[in-house]
1. Counting only residues that are more than 14 Å from every other protein chain (Cβ to nearest Cβ) and touching a helix residue (DSSP H, G or I) at 6+ places or on another chain (Cβ under 8 Å), how many does segment B:279-304 have?
2. Output the residues belonging to segment A:175-193 that are crowded, with 17+ Cβ neighbours inside 10 Å and closer than 19 Å to residue B:77 by Cβ.
3. Quick one: in segment B:564-610, which of the residues that are buried (at least 18 other Cβ atoms within 10 Å of the Cβ) and assigned to a loop (DSSP other than H, G, I, E, B) is modelled with the lowest pLDDT?
4. Examine segment B:18-28 for a residue that is at pLDDT 80 or above and assigned by TED's automatic domain parsing to the domain that holds residue B:136, and state whether such a residue exists.
5. Consider segment B:614-638. How many of its residues are at pLDDT below 80 and surrounded by fewer than 14 Cβ atoms within 10 Å (Cβ to Cβ)?
6. Is there a residue being modelled with pLDDT of 85 or more and not β-branched (Val, Ile, Thr) anywhere in segment A:18-39?
7. Among the listed residues B:729, B:698, which satisfies the condition of being in contact with a Pro (Cβ under 7 Å, 6 or more places away or on another chain), buried (at least 17 other Cβ atoms within 10 Å of the Cβ) and closer than 25 Å to residue B:253 by Cα?
8. Looking at B:430, B:448 in this structure, which one is under 21 Å from residue B:699 (Cβ atoms) and surrounded by 22 or more Cβ atoms within 10 Å (Cβ to Cβ)?
Amino acid sequence: MRRDLLIVMLLVALAATWLVLRSDPPEVVSGPLDTTALLAEAPEAFERITGPRPLDFPADHAAHPGYRSEWWYFTGNLFDRDGRRFGMQFTLFRFGLGTEASRPSLDSVFAADAVWMAHLAVSDIENRRFLNRERFARGALGLAGATADRWWLRDWTVTRTEAGWRLNADAGEFALDLALDAVKPVVLQGDRGYSQKGPAAGNASRYYTYSRLAADGRVRIDGRAYAVEGTAWLDREWGSSQLGPGIEGWDWFALQLDDGRDLMLYRLRTEAGEASPFSAGALVQSDGATTILGRDEFSLEPVRRWRDPDGVDWPVAWRARVPSAGLDLSIVPTFDDQQWRTGVRYWEGAIDVRASDSEIPLGRGYLELSGYSAASARGRR
Amino acid sequence: MRARLSHGFFRRHPGQWLLALVGIAAGMAVVTGVALLRGALVDSLDAAADELAGRDSIVVRPLGESISPERFAELARLPGAPDWVPVVRIPVRVGDVQLEVIGLDGFSAVRDVTADSALAGDADRLEWTGDGPPPAAIGRETAALLGVEPGETLTLEGPNGPADLALVGTRGAGLDRRLVMDIAVAQHAFDLPTAISELLAPGSAAAWIERNLPADLQARTLDQQRASARELTAGLRANLTAMSLLALATGLFVVYSVLSFLMVQRRRSFGVLRAIGLTPGDLARMLAQEGLVLGALGTLAGLVVGTLLADLLLALIADPVRSIYGQLALARTAPSLGLYGTLFGLGVLAATAVTLPVVREALRVPPGRLVRAAEAPAPDRVGWALAGLPVALGLAWLALDPGLIAALGGLFLVLAGLATLIPRTGFGLLAVLARLAGGGLTGRAIRLLGGSRRRLAPALSALSLALALAMGMGMMILGFRASVDDWVQRLLQADLYVSATERRLTVDEVDRLAALDAVAAISTVSVQRLADQTRLTAYRLPDAAWSGFEWLAGDPERVRAGFVAGRGVAVSEPLARARGLAPGDLLELPLAGGPRRFEVLGVFRDYSSDAGFVAIDADQLTGPDAREVDSVGLYATPGGDRAALEADLRAAFGAAGELQWIGPAEIRDQSLSVFDRTFRISWAMAVLVGGIALVALVSALLAHGFERAREYATLRALGLSPAALFRLVVAQTLALTLAAALLAVPIAVVVHYALALFIQPRAFGWSVPAGLPPLGPVVVVVPLALLLGALAGLIPAARIGRRAPVSALRAG
């Protein structure tokens, strides 16, 4: 009887296991894009930035289709008449899908040479609300693009004006309508706009900046419009495989000081958490005169970290020193949660700049932190 | 000890035990198979959109042909527009397997919309570098279905020719029978450079879409899609469920008849057990446990077999679901543990329930009874009244409630009533057979059956009902097929039908067709879908075409006069049923120029769709493309024929190669092959029910043979030769089978009419002319049953023949 029982039990176990396996739904895995990987790799067919060349404006405001990635990056701090403060960001990213020679020629209205992504954000500092919206579009059917005079993704547009640009972007819940007039001339980063970011040829980008734009216009949040003024910053950059190997992310600072000076610093972070030797910066005087800063001419030190809902720590407060300019700055976020949790994970937020000893306010700016999510995921693995 | 006793008994009688197990397993397998299939019909119809865009997303589809790229770009640029995901759906084939290629914008908004979906990680892999064939993501199940592996190249037959694709694996569960590609690559590979089938948007955009969507586009949530799929397939699913419950009922009859035969064999041991002190409670627990174990094991086996069966059935319905509902079914069903749990509970409960009467009987065995009681003649308790009650109730339900459930429930009650009559009639029939056989051995053998009346009654009922169901379903399908054939032949009055590939015929082409020498007259048909999803077919018909309509309501002459004068419209039977329309009613149609009201002039027979359509005179339609048509029927001049027409056509259009034509005979063949594909699932159900009926037959006869072993031994001891005994046993089983089969025939006719006249019209909206039932199924099933009946008798007969009478006499 025991043997029969055993056989029956075995058959029952087999049948039950089969049924359980059969009803098992397949596993679904997905995750955000890894920005660092996007910038570190590019198929051979793309052109590389290997040395300085003269930049030509306004022609170079337009897209550069031979390169893997490119962006048009506005950030700024705005105030309404009652002193209510807002942070703003509008970014247009372009990711090339291949060059004309390397791409198959498709007979399709959706055939595209690039995918475009736009990020629009307003930091409502009084209410500690980070409003943000991400959009994608294929570079087809006129849905997105960038010419010398116009940069757009669907109905979000930046048009060139005599004095600068006009930004118009409506995300429904919030919107920006700003005139952005250049106060200082263009700053060519690195060596005449050639910004080397890694040891190999091609680990570089073309990089120019308008470090101070006078902003004037309207911010709308939840149907209420605020007339605002303030200062903004425009970064333009393009290249292929600009990050060298072993780079995990970057910390980027755009600081506008009350004394008229602007300071840009970026720290390329290695997997060991150290600053790469290709980290750099630029100090722009109030008259536009620029000093390029090498890795040894400044220091950046995280002071405080904020933990996001996924448990990843982001260094949102910093101490920045540029001894040659007599600057020892404390950089603190206007509020902690200014994190993009969409297709790409990064922290991009309005900050205050203070004297690090006396805490006296010295200016404002924007901070960008990237690569921490991917690093955390790698750490967990 | 109880378990030991049960085990010992079943060990000695493995055959009976297995038969009971097979009975439950077979019944539960059909129930499980159909339950899974039901789920697949509803859930999978738009599983792809679900998979790609998440549960709350919105699908925007055009009411007309497709969405133009300019239109999409315009919609995308509107202020506040959602992140549309443009999608192209391309029907493709690999051999006989129908699939769909879904091309979507895997790079753009789809990231946002599909952030939580299984495809999120695959977008980059769908990028085509131009090296090798274009990539397409394929799910595990679809790859298994086609026998391919990710990494291989697959050739798909698309609407504009074949395309080679490089397969990339994906985890997407809802992507059964679907391959996903980048939209640009898909458009390129299948030569559809501008096609956009639909736009997906996140659920959060509902308010914006409602405010801004143009009238020629329609937005629906996936839940609404699912609800309409549920509605669309309600008839099919209800039919399948009813059939599966009938199969289960038949399976349970098997269990009951086996258990009650076993009971007879154990009478003696129960007597002994009671004598040595086993209480009735102990005995009841022992039998209940046996029922439970038997039920659990049988159900478990049924779940496994049913799951495999569901996948087979799914293969049968994949084609009809595609052609009737325009949707793809899953490659494999998706069972859940919850569903398995529920079915397991149902199976165990049902199996335990049928053991109750057996337990009750066991408890009546007095202590110490060592010999079998001679069976008392069955009291004539089952009066006509008792049988009449469920029949009357069933008929009343059928008459009073016009719903499908009432039709199925009514049929169930009528059959239950008839089942109680079967034993009485059956034994009457056996008595007649015995008289016909005369006073010889055969006659006596049949008369002996009367002694087992109570044992045999349930088996006889189960057998007759199951055979009747199988035959009735077969009759309905054949009858329906004949009706469809008549309808198609009547409908197709023209000599040749002309259409264009991938577009409509222009006014100019229609005029040129009408002017051909061999053409005496033309008819035109153009089909459009109105804003409320009603299908509107505009006709321009010559005199000869009018006889193609079979009018179910309305005076033909009046209908025709009113139709041509534009006074009203005609509606097809399914639409008339669905909307309760009759001649004289008013019907409002949302036409291009604004809503207009028409009188319903008549209702005509139509089997082309179960949603039905409205027929209107073509002159009533206005608008720029109102004169373009979908097809033109050519009527040859007197004395002319198809060959002359084709010669003319080739001369006038041959070079262009854009027109295609087909004759009525080919259309008829195509229609019937669609019909045959559609009804394959019904045939499968009929075969399953029939199969279980035959299991019931064999089990009942085997059990009967084993039960009578002692009696046979007595006959042998009294001098009956083995050959004579052999004849006696075979005569008995054949007589029983014949009685069951003969009784099944009139019940099958009842089932046929119930299906044809009530269930089909209520499920699909179309009626079938009530002619004589086709007898094909009877010709197949009855001889098969007799053959199996004879075989089932031979096994016990051979065993008895081999055994020495003395040992058989001793055996309990």
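1. Of the residues in segment B:279-304, the ones more than 14 Å from every other protein chain (Cβ to nearest Cβ) are B:279-288, B:291.
Still in the running and touching a helix residue (DSSP H, G or I) at 6+ places or on another chain (Cβ under 8 Å): B:280, B:282-288, B:291.
The total comes to 9.
2. A:175, A:176
3. B:610
4. No; the residues of segment B:18-28 include none that is at pLDDT 80 or above and assigned by TED's automatic domain parsing to the domain that holds residue B:136.
5. Residues in segment B:614-638 being at pLDDT below 80 and surrounded by fewer than 14 Cβ atoms within 10 Å (Cβ to Cβ): 3 in total.
6. Within segment A:18-39 (the criterion being modelled with pLDDT of 85 or more and not β-branched (Val, Ile, Thr)), the answer is yes, since at least one residue qualifies.
7. Working: B:698 fails: in contact with a Pro (Cβ under 7 Å, 6 or more places away or on another chain).
Residue meeting the stated conditions: B:729.
8. Numbers: B:448 fails: surrounded by 22 or more Cβ atoms within 10 Å (Cβ to Cβ).
Of B:430, B:448, the one residue that is under 21 Å from residue B:699 (Cβ atoms) and surrounded by 22 or more Cβ atoms within 10 Å (Cβ to Cβ) is B:430.
The values are calculated or read from the model by the stated rules, or taken from the named source; none is laboratory data. Computed from a predicted structure; not experimentally measured. So basically every Cβ, Gly included, is an ideal-geometry build from the backbone, and we count neighbours across all protein chains shown.
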